[in-house]
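Structure first, then comments.
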Amino acid sequence: MTDTTNRRDVLKGAAVAGLATSAAPALAQAAAPVDPQTKYTDQPFAEQRQKWPALQREMQPVPDCGEASYRGSGRLQGRKALITGGDSGIGRAAAIAFAREGADVAINYYPTEEPDAQDLAKLLRAEGRKLVLLPGDLTDQAFTTGLAGKAAKQLGGLDILVNNAAYQQSKKSIAEISFEQFDRTLKTNLYAMFWLSKAAIPLMKPGAAIINTGSVNSVDPGEELLDYATTKGGILIFTKGLAKQLGKQGIRVNMVAPGPIWTPLQVAGGQLPGELGKFGQNTPLGRAGQPAELAGLYVALAEGGNSFTTGSAFGANGGTGAI
Ligand code: NAD
Ligand code: MG
């Protein structure tokens, strides 16, 4: 089965209407409203497991990051954005949206995710967009501290930073969380965000935006996600605290808090074995979300229009979240 066919599987019958909702505002107004319950598949996902970090291109079905649907309208024309975890899932949806809104984009990802990164590069470069690839391990302090400067150099500046990469391993009990897992989860989700933000801020000017990816776990910890939820709570407070500091520099800091979204992180240990069939089924919308459904939030928080919005968190969780 080809990637395209898989993607078609994800888009249910209402695919055409789904495309129309992502179109430029004038077109969207003319389009029929789309039922969010049936916009994407509500079928239980087949149990599947990949070695960490999973590749999006090998998932069944392949997540929809807006490859065929996102239409830009110049909302980020000329902006320079760095997105961590931009190869796949939610970060990839943000990368596609930013690029199609006119931004020059750099993505970071773990080196073994090169196939997903190359798929994205092929897609965006064929459209005449700029995509800078900066692979490297975010748990490496020296690499991460240098990442902001590398992105700024290759993009010709930096005014949007999306701290989106994360490590998530589900374990039933604290007894099963190893010191190594705890350390890696905190290094990836919290330390890297701190290192990268600290290096990026001096490169940013008034009007710049930082967007952190939190989670419903930021305020309502999943029982099997103790270490991960601890970091996500930290990301919410970091967002609010940093927003207070950076207001004086004209830099806004906000957070997106996703609920259950169909992405690689979930098939590389993000869920307990045997649980993928239930993933997203208990949301009021009756299904898991797709990364493409979050792209608009990242664009809205990056662009200048929402200039009074800082220190805030915005959910995308199908109705399940406390944010
Ligand atoms: P994903 O697997 O597509 O993205 C996570 C990315 O993190 C990977 O692609 C990888 O590039 C990056 N990463 C992890 N460790 C790294 C390291 N050491 N060095 C460099 N890169 C590293 O999955 P996703 O679900 O799109 O995750 C994006 C964000 O969304 C994460 O912050 C995650 O916590 C958050 N989130 C996801 C869900 C969900 O249900 N999928 C729910 C809430 C929050
Ligand atoms: Mg990935």
Handout entry: Residue among Ala28, Ala46, Ala99 that alone is more than 13 Å from ligand 1 (Cβ to nearest atom), at pLDDT below 95 and on the phi < 0 side of the Ramachandran plot
Key = Ala28
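Among the residues of region 50-63, write down those that are within 15 Å of ligand 2 (Cβ to nearest atom), assigned to a loop (DSSP other than H, G, I, E, B) and not small (Gly, Ala, Ser).
We begin by selecting, within region 50-63, every residue within 15 Å of ligand 2 (Cβ to nearest atom); these are 50-59, 62-63.
From the residues that got through so far, the ones that are assigned to a loop (DSSP other than H, G, I, E, B) too are 50-55, 59, 62-63.
Residues satisfying the conditions are Gln50, Lys51, Trp52, Pro53, Leu55, Met59, Val62, Pro63.
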Problem - Considering residues of region 168-199 that are open to solvent by less than 30 Å² (accessible area, probe 1.4 Å) and touching a Gly at 6+ places or on another chain (Cβ under 9 Å) only, the residue nearest to ligand 2 (Cβ to nearest atom) - result: Gln168
Exercise for the section: Give the residue that is farthest from Leu190 (Cα to Cα), with candidates limited to residues of region 102-131 that are acidic (Asp, Glu) and within 13 Å of ligand 1 (Cβ to nearest atom). Expected result: Asp119
Fill in the blank from the handout: In region 248-301, anything crowded, with 23+ Cβ neighbours inside 10 Å and of a type in the set (S, T, N, Q) is listed as Asn254, Thr263, Gln266, Gln271, Gln290
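If only one of Tyr70, Tyr40, Tyr109 is out of contact with any Lys or Arg (no Cβ under 7 Å at 6 or more places or on another chain) and of a type in the set (Phe, Trp, Tyr), which one is it? Before you say what the answer is, go through the steps one by one.
Working: Tyr70 fails: out of contact with any Lys or Arg (no Cβ under 7 Å at 6 or more places or on another chain); Tyr40 fails: out of contact with any Lys or Arg (no Cβ under 7 Å at 6 or more places or on another chain).
None of the other options fit; the residue is Tyr109.
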Practice task
State whether one or more residues within region 135-142 are of a type in the set (D, E, K, R), under 23 Å from Lys232 (Cβ atoms) and part of a helix (DSSP H, G or I).
Solution key: no
Handout entry: Phe194 under 15 Å from Thr84 (Cβ atoms) and free of Cβ contacts under 8 Å to residues at least 40 places away in the same chain
Key = no
Practice task
Answer with yes or no whether Gln118 is at pLDDT 95 or above, in a loop (DSSP other than H, G, I, E, B) and under 27 Å from Asp64 (Cα atoms).
Solution key: no
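The values are calculated or read from the model by the stated rules, or taken from the named source; none is laboratory data. The model shown is predicted, which means the values in this text are computed figures rather than measured ones. Cβ: placed from backbone, ideal geometry, glycine included. Neighbour counts: every protein chain shown. With ligands, DNA and RNA removed, areas are computed over all heavy atoms of the protein, side chains included. Shrake-Rupley method; radii C 1.70, N 1.55, O 1.52, S 1.80 Å.
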